[in-house]
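Only one structure is covered here, and it is reproduced in the block below.
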Amino acid sequence: VNDCWGYSAPHGTELGIYGWREGTSFVDATDPQNAVEIFQLPGPTSTWRDMHSYQNYVYIVTEGTGPGTGMQIVDVADPLNPVHIGTYTGNGFTTAHNMWIDRDAAIAYMCGGAGGGTYIVSLADPEHPVHLDYFGPYYIHDLWVGDGRATAGAISSGSLRIIDVSNPSNPVTLASHFYSGA
């Protein structure tokens, strides 16, 4: 397992969601002493897999290549019966190392994938993401987004960046801090 995420359903069910080499596991963790895996979603083989939730959906990315690449979308409206509803591959998106969802803005940022840039998509229609931009001036390994700002680790260039994403179709780097030993 390389990453995990939690989802709390409105009526109280708690899910633990785990990315592992061959896919993603959904675990009913409502009673932590009796947790049980309820769903496995296969995916491209990879050491890296990341997932985040928005509304009653879980979005999953990986660096794995081959069949099934893209951002997998799982509906957890019935949290004990997750349903894989599709895989987003818009505008050439295939892989990502990490992702972050700005829930207030309904925007997903998928970084560190093929090509090195960051794909930015709208989740206004959660089952049908819409491409907004590909931000590619430098590789972003991981990021956090909120209040129109992204804080990003751009390890290949040995820098930390602050990016204005208030207009997600036109991100602008505001500040960069470079460090040695990248």
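In region 87-98, the count of residues that are part of a strand (DSSP E or B), out of contact with any helix residue (DSSP H, G or I) (no Cβ under 9 Å at 6 or more places or on another chain) and of a type in the set (A, V, I, L, M) is zero. Among residues of region 153-182 being β-branched (Val, Ile, Thr), under 20 Å from the mean Cα position of the chain (by Cα) and assigned to a strand (DSSP E or B), the one that is surrounded by the most Cβ atoms within 10 Å (Cβ to Cβ) is 163. For region 48-57, taking the residues that are part of a loop (DSSP other than H, G, I, E, B) and in contact with a strand residue (DSSP E or B) (Cβ under 8 Å, 6 or more places away or on another chain), the one that is farthest from residue 144 (Cα to Cα) is identified as 56.
Residues in region 104-152 that are aromatic (Phe, Trp, Tyr) and open to solvent by less than 10 Å² (accessible area, probe 1.4 Å): 1 in all. Annotation: of all residues in region 77-86 being in a strand (DSSP E or B) and of a type outside the set (Gly, Ala, Ser), the one that is surrounded by the most Cβ atoms within 10 Å (Cβ to Cβ) is 84. The set of residues in region 33-47 that are surrounded by 17 or more Cβ atoms within 10 Å (Cβ to Cβ) and in a loop (DSSP other than H, G, I, E, B) comprises 43, 44, 46.
Within region 7-29, residues that are free of Cβ contacts under 8 Å to residues at least 12 places away in the same chain sit with their Cβ atoms under 8 Å from residues that are assigned to a strand (DSSP E or B), at 6+ positions apart or across chains, in these pairs: 8/14; 8/15. It is to be established whether one or more residues within region 23-32 are within 28 Å of residue 147 (Cα to Cα) and open to solvent by 50 Å² or more (accessible area, probe 1.4 Å). Scanning region 23-32 turns up no residue that is within 28 Å of residue 147 (Cα to Cα) and open to solvent by 50 Å² or more (accessible area, probe 1.4 Å).
The values are calculated or read from the model by the stated rules, or taken from the named source; none is laboratory data. Remember, it's a predicted structure, so these values are computed and weren't measured experimentally. All Cβ positions, even for glycine, are placed from backbone atoms using ideal geometry, and neighbour counts span all protein chains on display. Accessible surface is based on the protein model in full, side chains and every heavy atom, while ligands, DNA and RNA are left aside. Shrake-Rupley method; radii C 1.70, N 1.55, O 1.52, S 1.80 Å.
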